[in-house]
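S.K.: Handing you this structure, nothing more for now.
The numbers here are math on the coordinates, done by the rules we state, and not lab data. Here the structure is a predicted model, which means the values were calculated and not measured. Here the Cβ positions follow ideal geometry from the backbone for every residue, glycine too, while neighbour counts run over all protein chains shown.
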Amino acid sequence: MIVDLGLIALVIAALAAIYSFVMAILGGTQKRPAYIESARRAAVAVLPLLTLACLAIIVSNLTDNYSLEYTYRVSNSTTPTFLRITALWGGQNGSILFWNWLMSIYIFCVFVRPWKSNRDLLPWVIAVSIGTQAFFILLTIFFANPFARLFADAAGNISPSVFMPAGATLFRAADGQGLNPLLRHPGMIIHPPMLYLGFVGLVIPFAYAIAALIAKNKTNSWIIAMRRPTLVAWLFLSLGLLLGARWAYDVLGWGGYWGWDPVENSALLPWLTATAFLHSVIIQEKRGMFKILNMVLITLSFSWMILGTFVTRTGVISSVHSFARSSLGVPFLSFWAFSLVGAITLMAIRSDLLKSDNKLESFLSREAMFLLNSFVFLTIWFTVNVGTYYSMFSELLTGEKLTIGPPVYNQLVGPQVAALILLMGIAPLVAWHKSSPEALGKMIWKPAVLAVAVMVLLFVIGANPIFVAIGFGLVTFSLAITLTEYWRGMRARHKLSGENYFKAFTHLIARNRRRYGGYMIHLGVLVMGIGVIGSLNFQVQTQRSLAPGGQMQVGPYTITYERALTCDPSTGQMSADCAAWYIERGRDIAIVAGYMTIEKAGQAPVRVAPYREIFLNGTGELTPPGVLSTVGEDLYLLFLGEQSGFGTIKAYINPLIQFLWVGGIILVIGTLVAMWPTPTARRQTAALPERAVAVK
Amino acid sequence: MKPKYLLGLALMAAAVVFLIVTSMSANAQYFYTVDELWAKGQSLVDQNVRVSGAVINASTKFEVRDNQPYLEFEIADADKVATQKPLRIVYNGPKPDLINEPHAQAIVEGHLGADGNFHADTLLLKCPSRYEEEFPNQVDKTSG
């Protein structure tokens, strides 16, 4: 049967991974190329095997195989075909298998071709990455096996088991429980794979870094080799975070997009250190400095990715007690601790390898700016960590349960992000080795004046609180500098080669993708910054309970409440209007919709119907808003329900929020530019000398 | 690295840690049971906390006042419903459907007012009976 086939494929994948791990270590320590080659091939074989295992789950979902516990939990007879496929990652055990599969894709891509260079690193890169993969496959098999089937014992009790218990018979449920309604939304279908792709990709740079230490490789070749896979992982991690924010905004209905919730935080934590690493490793490549820092950053990224997987996959964080119940806790935390302790021990053993080639010459140098950048990323990382794990620790230590709310995070993280934005502007202008204050002053006085002008203007027109003006001022400052960098390059090309400005612009980027792609990511972040400051500080919120025909005023908008519609398939309350709501929706959901009209002077009225989607199995609800988007702001309406003939409407005006999404898109494009391969021949003729020149 | 740079970074790190610790301990939100809340009593007035307890269904009252939803209900610790002084929750929001379920658990976030009522900013309801999703009974068995 297909389920048996899947289980067998999973077990063989585990064996292949273990074999590859052992052969890589033997090959590396005994210097036997044949062993290493065999390890490489076995590592590559894991992807097809895991693909087979994933397909087995999908086929089981598609064929209504409710004797498989996993299919029983995530699918049912009314689940559409598409959702039966995505249900592969709709439950805990399947998602860990899927997570494994995504990791095997990275491993496949890195090892599918025989390596021509860095052959000294190869066995160790294999060992670290396939070792991690082997751990997670074993975890799947022994603690979260999606191939467990339902068995009935002699007394008629049903329990899941991978193998048939003595005296039991296979049990096939009449129907499944169906996919968690939260996971039926397109945003929630695509967001987890993106985040997982970002997570699992971090194993590659970590493997390279550890390999360089073990193989005593003093060159930069590992940094160059791991750059692109790291950017791929970073891109997916960023996309996962952005899509998660967008999904929350679109369906969760609290008017926001980021709630500093432990699950969000645990995805943000590895992103913070990975971002710092991507920056800081440039200094190691160019100047041979910050080697210890970089090892620390990539180790933290990797081990917090493990921790994040644990937190997001098991929902452990809400309480210490659910942690004790989860059978995954001990293996996950052991692996996390092992990765940390192992990497630190290795760093200590190889400390001679991590000595800096150069000294920091001045505080006003590119090197120092990058150091500060890593420092600020680490303090943010530390802040978010304390906030996330504080409640767990406090419950353990004092017995009192407490939580840290979003205002505390905003207040703490805000100033640190402001420091990053300032660095984003200044750092590219500061010269390597040592910069003179005069030279730097010459380059930044114009943007600085502009920034101060923006601050004063905002302050005068009453931007409140004061740090809103400061925030916009800092964004203006860095935005002006970044755009000037593009303009300078463009104009120089135009003058030198006579290309028109558009051509000069595209060639400028194409010829130096790393630099200008990087600046584009900065632009994206700055544009996002405008959206964050705006929506966080200028949000307007009102709530009214209205009788049909009643009106409420929100800013320039007049909202007229028409009527409510309640559809509940479980009680048969299904009027003719309900049909339209159930075209693509399961009958395990009740709908409470509020029809209303939005009017604004000089514009045609718009009709919206925000609604509540209540899951009849009691697992929760969604409150998708009715949104009227304009360039400057979103009018975001929620219908909270109808009681005693009154419909309750919550209205938000979210100013500048479009900037957040547009900035996100710019960031993604910038990352794609930065990681696009540059043909080697072109690299020589790259680009302009940098503006910042060192003083000798 | 020169000692003065290290010293600079260490000072900055210390400042950040100090900021985090002070502002978190000042703003952390405690999660109490009704018993714990009464034990702390007046010291908690106007402080932002979370409380959870079992909803006393008969106490639920909902109306619309001045175009604002107004919900009032009482909670008590699930094992002490009969003996404990219940906590009255006042919430300016719609009445959740689950509030009338026999074993509804409410988690509210807000502050204890001087009037002895708890003024909730957010209200979350859980229904333990609905959360148990166990395997079907043999009786449900209709196909092989």
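S.K.: Using a simple spin-label model with points 7 Å from Cα along the Cα→Cβ vector, what separation in nm is obtained for A:THR219 and A:PHE143?
M.R.: 3.9
S.K.: What is the sum of charges, Lys and Arg at +1 and Asp and Glu at -1, for the other residues whose Cβ falls under 11 Å from the Cβ of B:LEU112?
M.R.: 0
S.K.: Starting from a Cα-only point model with no solvent, please compute log10 I(q)/I(0) by Debye for segment A:1-82 at q = 0.10, 0.11, 0.24, 0.26 1/Å.
M.R.: Log-scaled intensity ratios, in q order: -0.37, -0.42, -0.99, -1.08.
S.K.: Would you kindly derive the ³J(HN,Hα) couplings of segment A:444-452 from the backbone phi angles with the Karplus curve 6.51 cos²θ - 1.76 cosθ + 1.60 (θ = phi - 60°), listing them in order in whole Hz, with x for Gly and Pro?
M.R.: So the Karplus estimates, Gly and Pro as x, are 9, 5, 5, x, 5, 4, 4, 4, 5 Hz.
S.K.: What does the net charge come to around A:ILE214 if you take all other residues with beta carbon closer than 12 Å to its beta carbon, with K and R at +1 and D and E at -1?
M.R.: +1
S.K.: For each pair in B:LYS85/B:LYS126; A:LYS359/B:LYS4; B:LYS95/B:LYS126; A:LYS291/A:LYS355; A:LYS31/A:LYS116, compute the distance between the two Cα atoms and list the pairs where it is over 18 Å.
M.R.: Listed pairs above 18 Å: B:LYS85/B:LYS126.
S.K.: At 0.36 nm per residue, and after removing the present C-alpha to C-alpha distance, how many nm does the segment from A:THR81 to A:SER327 gain when stretched out fully?
M.R.: Difference between extended and current length: 85.4 nm.
S.K.: Which Cα, out of A:CYS567, A:LEU635, A:VAL281, lies furthest along the positive dipole direction of the protein assembly as shown (beta carbon charges, K/R +1, D/E -1)?
M.R.: A:VAL281
S.K.: Exposure proxy check: A:HIS494, B:HIS103 ranked by fewest other beta carbons within 10 Å?
M.R.: With the sparsest Cβ surroundings first, the list reads B:HIS103, A:HIS494.
S.K.: Further, regarding this structure: Consider just the alpha-carbon atoms of segment A:586-685 and return their Rg together with their Dmax, both in angstrom.
M.R.: 21.5, 75
S.K.: Related question: Within a Cβ distance under 15 Å of A:VAL128, other residues only, what is the Lys/Arg minus Asp/Glu net charge?
M.R.: Residues near A:VAL128 contribute +1 overall.
S.K.: Then there is this: What does segment A:176-220 give for Rg and for Dmax, in Å, if only its C-alpha atoms count?
M.R.: Cα only, segment A:176-220: 18.6, 57 Å (Rg, Dmax).
S.K.: log₁₀ I(q)/I(0) of chain B at q = 0.10, 0.20 Å⁻¹, via Debye over equal Cα point scatterers, no solvent, to two decimals?
M.R.: The Cα Debye sum returns log10 ratios of -0.51, -1.17.
S.K.: About its Cα centre, how strong a charge dipole does the protein assembly as shown have in debye, to the nearest 20, once Lys and Arg get +1 and Asp and Glu get -1 at the Cβ?
M.R.: Result for the protein assembly as shown is approximately 4660 debye, rounded to the nearest 20.
S.K.: For each of A:VAL203, A:VAL454, A:VAL662, count neighbouring Cβ atoms within 10 Å of the residue's Cβ, then give the residues from fewest to most.
M.R.: A:VAL662, A:VAL454, A:VAL203
S.K.: What are the extents of the Cα atoms of segment A:1-150 along their three principal axes, in Å, largest first?
M.R.: Cα spread of segment A:1-150 along its principal axes, largest to smallest: 56, 25, 23 Å.
S.K.: How compact is segment A:28-70 by the rule of thumb for globular proteins, expressed as Cα Rg over 2.2 N^0.38 Å?
M.R.: That ratio works out to 1.90.
S.K.: Can you give me the distance in nm between label points at A:ALA547 and B:THR60, each placed 7 Å from the Cα along the Cα-to-Cβ direction?
M.R.: The two pseudo-label positions are separated by 2.5 nm.
S.K.: What is the fewest-to-most order of A:CYS54, A:CYS109 by other Cβ atoms lying within 10 Å of their Cβ?
M.R.: Least crowded to most crowded, the residues run A:CYS109, A:CYS54.
S.K.: Excluding residues on the same chain fewer than 8 positions from A:LYS218, give the aspartates and glutamates whose Cα lies under 14 Å from its Cα.
M.R.: In chain and number order, the partners are A:ASP120, A:GLU285, A:ASP352, A:ASP357.
S.K.: Do you know the Lys pair count in segment A:412-527 for C-alpha distances under 27 Å, with sequence separation 8 or more or different chains?
M.R.: Eligible lysine pairs with Cα atoms under 27 Å apart amount to 5.
S.K.: To the nearest whole percent, what portion of all C-alpha pairs in segment A:279-418 is separated by more than 19 angstrom?
M.R.: Value for segment A:279-418: 64 percent of Cα pairs lie more than 19 Å apart.
S.K.: While we're here: Would you mind checking the radius of gyration and Dmax of segment A:177-305 based on alpha-carbon positions, in Å?
M.R.: Cα only, segment A:177-305: 17.0, 58 Å (Rg, Dmax).
S.K.: Project the alpha carbons of segment A:565-629 onto their principal axes and report the range along each, largest first, in whole Å.
M.R.: Reported extents, whole Å, longest axis first: 45, 25, 17.
S.K.: Where does the Debye-calculated log10 I(q)/I(0) of segment A:363-467 sit at q = 0.13, 0.15, 0.19, 0.20 Å⁻¹, using only Cα point scatterers of equal weight, no solvent?
M.R.: -0.69, -0.82, -1.01, -1.06
S.K.: Quote the FRET efficiency, to the nearest 0.05, computed for A:PHE338 versus A:ALA155 with a Förster distance R0 of 60 Å and r equal to the Cβ-Cβ distance.
M.R.: That gives a FRET efficiency of 0.90.
S.K.: Also, quick follow-up: Given the C-alpha atoms of segment A:203-266, compute the convex hull and give its volume per residue in Å³.
M.R.: Dividing the Cα hull volume of segment A:203-266 by its residue count gives 90 Å³.
S.K.: On each of the three principal axes of the Cα atoms of segment B:23-94, give max minus min coordinate, whole Å, ordered largest first.
M.R.: The Cα atoms of segment B:23-94 stretch 38, 32, 17 Å along the principal axes, largest first.
S.K.: Restricting things to Cα coordinates, could you compute the convex hull volume per residue of segment A:61-123 in Å³?
M.R.: It comes to 109 Å³ per residue, whole-number rounded.
S.K.: Quick check for you: which residues of segment A:615-646 have the amide N under 19 Å from the point 7 Å beyond the Cα of A:TRP254 toward its beta carbon?
M.R.: In segment A:615-646, the label zone of A:TRP254 (backbone N under 19 Å from the point 7 Å along Cα→Cβ) covers A:615, A:619-626, A:636-641.
S.K.: Continuing with the same structure: Restricting things to alpha carbons, find the Rg to Rh ratio for the protein assembly as shown using the Kirkwood radius for Rh.
M.R.: With Rh from the inverse mean 1/r over Cα pairs, Rg/Rh is 0.98.
S.K.: Over segment B:1-117, what is the percentage of antiparallel beta bridges among all DSSP beta bridges, to the nearest 5?
M.R.: The antiparallel proportion sits near 85 percent.
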